[in-house]
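Report on the following structure.
Each reported figure results from applying straightforward, stated rules to the coordinates on display, with no laboratory input. What you see is a predicted model, and the numbers here were worked out from it, not measured in a lab.
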């Protein structure tokens, strides 16, 4: 299993965009992302570093593995 990278919120958004997610709206420091055909929304905080638990939860909610996510970076 690949170790989670320490990355910024902007890089997380770009990686999810490569996976087919799109930015729907932004409220404060959080970007809400949606994917057509998926009933889940992702709320990505725009911080300099995303906490490992938060990043893991976002990846899991997106239906991806850590390896699949790291391949998109």
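Percent relative contact order of the chain, based on C-alpha pairs within less than 8 angstrom and at least six residues apart? Could the numbers behind the result be given before it?
On the way: 99 pairs, mean separation 27.2, N = 73.
That works out to 37 percent.
If a/c stays under 1.5 just call it rounded; otherwise compare a/b with b/c (prolate if a/b is bigger, oblate if not). Do that for region 1-41, with a ≥ b ≥ c from the square roots of the Cα gyration tensor eigenvalues.
Details: a/c = 2.26, a/b = 1.30, b/c = 1.74.
Because a/c hits 1.5 or more and a/b fails to exceed b/c, region 1-41 counts as oblate.
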